[in-house]
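First up is the structure itself, then whatever we jot down about it.
The values are calculated or read from the model by the stated rules, or taken from the named source; none is laboratory data. Source: prediction; values computed, not measured. Here the Cβ is made from the backbone with ideal geometry for all residues, glycine too, and neighbour counts use every protein chain on show.
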Amino acid sequence: MLNNVPNVVHTSAEPMPATAGHVPLLTAVEGPVLLPDDIGYGEECRTFNLSRALTPAVVVGATHTDDVAAAVRHAGRLGMPVAVRNQGHQVVLPTAEDALLITTNRLQEISVDPGRRTVRVGAGVTWAQVLTETDKTGLAPIVGSAPHVGVIGYTLGGGLSPLLGRKLGYAADHVRWMEVVTADGAVREVTPERLPDLFWALLGGKGNFGVVTRMEFDVFPFPRFYGGGLWFRGEEMLPVLEAWRALVPELGEDTMTSFSVQRLPDVAALPQPLRGAFVLHVRLGHLGDSTTGARIAAPLRAAATPVFDTLTERPFGEIGEIHRDPVHAMPLVETGFALREFSAGTLGRLMELTGPGSGCSMKNVEVRALGGALDREPARPNSVSSRGVPYMTFAVGSGSPAQLRTMAEFARAYAGGLTPWRAPHHVINFLSPDEALSEAEVRDVYGAERYARLAALKRVYDPANMFRFNHNIKPAA
Ligand SMILES: Cc1cc2nc3c(=O)[nH]c(=O)nc-3n(C[C@H](O)[C@H](O)[C@H](O)COP(=O)(O)OP(=O)(O)OC[C@H]3O[C@@H](n4cnc5c(N)ncnc54)[C@H](O)[C@@H]3O)c2cc1C
């Protein structure tokens with residue numbers, strides 16, 4: 001911890017080392033304060049995407065809200081930008097070299113109130129931890145496909161569930177209360193009644209408006225669901241996707257589905273029929289019994305014979321089984337955007353880009369069907385940008401540096417190939433680094449009107465753009 005502190009008391013005319021400026025942090029915060037040469041610095045700055053390293057000037061491991069506030073005030077005094085990391089799944093702007101990084105994973109408060117049907121969490125809590133607690137009560141949170149991601153980062157970016165989304169909307173739509181440290185270092189309580197503008201901006205604006213240290217949200221009585229995946233041979237993806245395309249408009253709001261064209265690695269962690277295989281993975285989540293769920297899945301099973309089938313009735317805590325997302329950090333290339341339709345034309349182009357004989361290098365190319373309550377404005381207004389987006393696509397892959405370069409080429413070709421079907425807005429949580437680079441791109445994602453309101457609020461709450469290591473909303477001039 002600031003292991004070269006003895007050197008920072010300078011009496012000579014030599015320039016002060018950069019570390020000297022951070023000495024006040026040692027007494028201001030209880031958690032670790034680490035500089036690039038310190039033991040533990042690399043682990044404290046870890047990210048899920050190993051291609052997006054964080055190397056800030058100093059990192060503060062916050063242990064409670066006051067640590068976050070002290071770190072933000074310290075950065076403010078030095079004119080430093082502040083980056084935030086919990087589980088590190090969405091580092092949009094890497095390195096953050098000149099920044100003070102606040103890590104929130106030690107903020108571990110978690111409490112369930114079954115009577116009020118609410119959960120309160122600290123900024124370090126993951127969905128997996130919440131599920132362990134809520135499963136004891138039969139209540140369900142609006143968790144995403146990967147329970148190992150952080151609750152607060154996910155929810156500030158909207159929070160798209162592969163099971164509850166069409167029924168209940170985004171996770172952000174069901175937030176009741178937040179505690180946030182804003183750029184001036186103040187700790188504020190934010191509700192739809194108290195600071196409604198900041199409440200609106202935080203939920204959808206993600207990390208642009210401060211560090212959310214605690215959050216309370218609603219949970220719902222869904223103890224069980226029917227769901228999982230059907231994997232088909234890649235060579236049979238066309239008839240299955242034709243069935244999927246016909247199925248989606250028929251679905252009620254209690255059912256969600258997506259698919260992923262996968263080129264899987266040959267690893268023991270995968271069940272035998274999937275090792276090293278080219279497959280189509282169709283996902284389904286239904287908030288009802290197995291008889292109805294199986295009836296919904298019947299046209300998919302009829303289109304081709306699955307090589308692996310995990311559709312079954314499950315406790316809600318098994319929601320991660322719908323997607324079976326990878327949990328280990330790895331170098332990644334990704335691209336993602338919204339689609340205004342999934343027509344015969346969209347499917348035809350997708351087949352050319354990813355189907356048999358396409359030479360597609362990307363490991364996973366996913367399309368999710370949205371709609372239902374995801375399109376409706378919530379009772380507690382927020383700035384979620386993707387209402388009315390019927391489909392979204394996300395392509396991601398990992399591999400050697402040479403493979404990553406090939407996948408980056410594919411990502412560009414994929415985005416270019418689907419341009420005619422691209423929708424203007426997008427789900428913030430699926431913005432890849434390359435899709436969040438310019439102000440114009442971020443404005444497109446939100447739309448001009450919503451972006452203008454966000455930029456005006458950014459000028460109020462973060463006029464110096466302290467929180468800029470994200471898909472950045474620039475303070476209005
Ligand atoms: C495998 C996988 C599957 C996913 N599936 C879904 C899904 O189904 N639905 C969905 O909506 N998203 C999904 N995501 C996206 C995911 O929700 C976001 O990447 C989320 O931010 C991850 O949480 P984290 O703790 O890793 O965030 P981090 O990477 O630690 O933080 C990401 C950013 O969030 C902001 N942030 C984080 N914590 C705070 C805080 N306390 N206060 C202010 N800002 C903060 C900051 O801008 C930070 O840069 C998925 C991601 C992965 C890797």
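Data for the structure
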| read-out | value |
| --- | --- |
| Residue within the stretch 430-440 that is touching a strand residue (DSSP E or B) at 6+ places or on another chain (Cβ under 8 Å), farther than 30 Å from residue 77 by Cα and surrounded by fewer than 17 Cβ atoms within 10 Å (Cβ to Cβ) present | yes |
| Output for the stretch 207-226, where each listed residue is of a type in the set (A, V, I, L, M, F, W, C) and not in a strand (DSSP E or B) | 209, 219, 222 |
| Single residue of 391, 461, 451, 446 found to be hydroxyl-bearing (Ser, Thr, Tyr), away from the ligand (no atom under 16 Å from the Cβ) and surrounded by 15 or more Cβ atoms within 10 Å (Cβ to Cβ) | 451 |
| Filtered residues of the stretch 163-194 (kept if in a strand (DSSP E or B) and within 19 Å of residue 130 (Cα to Cα)) | 175, 176, 177, 178, 179 |
| Filter pass, residue 471 being within 16 Å of the ligand (Cβ to nearest atom) and more than 29 Å from residue 348 (Cα to Cα) | yes |
| Single residue of 424, 475, 433 found to be over 18 Å from the mean Cα position of the chain (by Cα) and either touching a residue at least 60 places away in the same chain (Cβ under 8 Å) or under 22 Å from residue 395 (Cα atoms) (or both) | 424 |
| Some residue of the stretch 294-314 being within 20 Å of residue 373 (Cβ to Cβ), of a type outside the set (A, V, I, L, M) and touching a residue at least 60 places away in the same chain (Cβ under 8 Å) | no |
| Counted residues, the stretch 301-328 - those being in a loop (DSSP other than H, G, I, E, B) and either out of contact with any helix residue (DSSP H, G or I) (no Cβ under 7 Å at 6 or more places or on another chain) or more than 12 Å from residue 226 (Cα to Cα) (or both) | 11 |
| Set 253, 334, 235: member being outside any helix (DSSP H, G or I) and under 18 Å from residue 363 (Cα atoms) | 334 |
| Whichever residue in the stretch 150-178 is buried (at least 24 other Cβ atoms within 10 Å of the Cβ), among the aliphatic types (A, V, I, L, M) and touching a helix residue (DSSP H, G or I) at 6+ places or on another chain (Cβ under 8 Å) and, among such residues, is farthest from residue 254 (Cα to Cα) | 178 |
| Residue within the stretch 123-133 that is surrounded by fewer than 22 Cβ atoms within 10 Å (Cβ to Cβ), under 19 Å from residue 319 (Cβ atoms) and charged (D, E, K, R) present | yes |
| Selection status of residue 110, over 17 Å from the mean Cα position of the chain (by Cα) and farther than 20 Å from residue 205 by Cβ | yes |
| Residue under evaluation residue 393, criteria (1) at pLDDT below 95; (2) within 30 Å of residue 453 (Cα to Cα); (3) touching a strand residue (DSSP E or B) at 6+ places or on another chain (Cβ under 8 Å), criterion not met | (1) |
| Failed item in (1) of a type in the set (Ser, Thr, Tyr); (2) away from the ligand (no atom under 16 Å from the Cβ); (3) surrounded by 17 or more Cβ atoms within 10 Å (Cβ to Cβ), with residue 386 passing the rest | (2) |
| Residue that is nearest to the ligand (Cβ to nearest atom) [pool: residues in the stretch 201-229 that are within 28 Å of residue 472 (Cα to Cα) and among the charged types (D, E, K, R)] | 206 |
| Residue match in the stretch 435-443 (condition: more than 16 Å from the ligand (Cβ to nearest atom) and of a type in the set (A, V, I, L, M)) | yes |
| Sole exception among (1) more than 16 Å from the ligand (Cβ to nearest atom); (2) surrounded by fewer than 16 Cβ atoms within 10 Å (Cβ to Cβ); (3) at negative phi for residue 414, by number | (2) |
| Looking only at the stretch 138-162, and only at residues there that are among the hydroxyl-bearing types (Ser, Thr, Tyr) and either outside any loop (DSSP other than H, G, I, E, B) or more than 18 Å from residue 328 (Cα to Cα) (or both), the one that is nearest to the ligand (Cβ to nearest atom) | 154 |
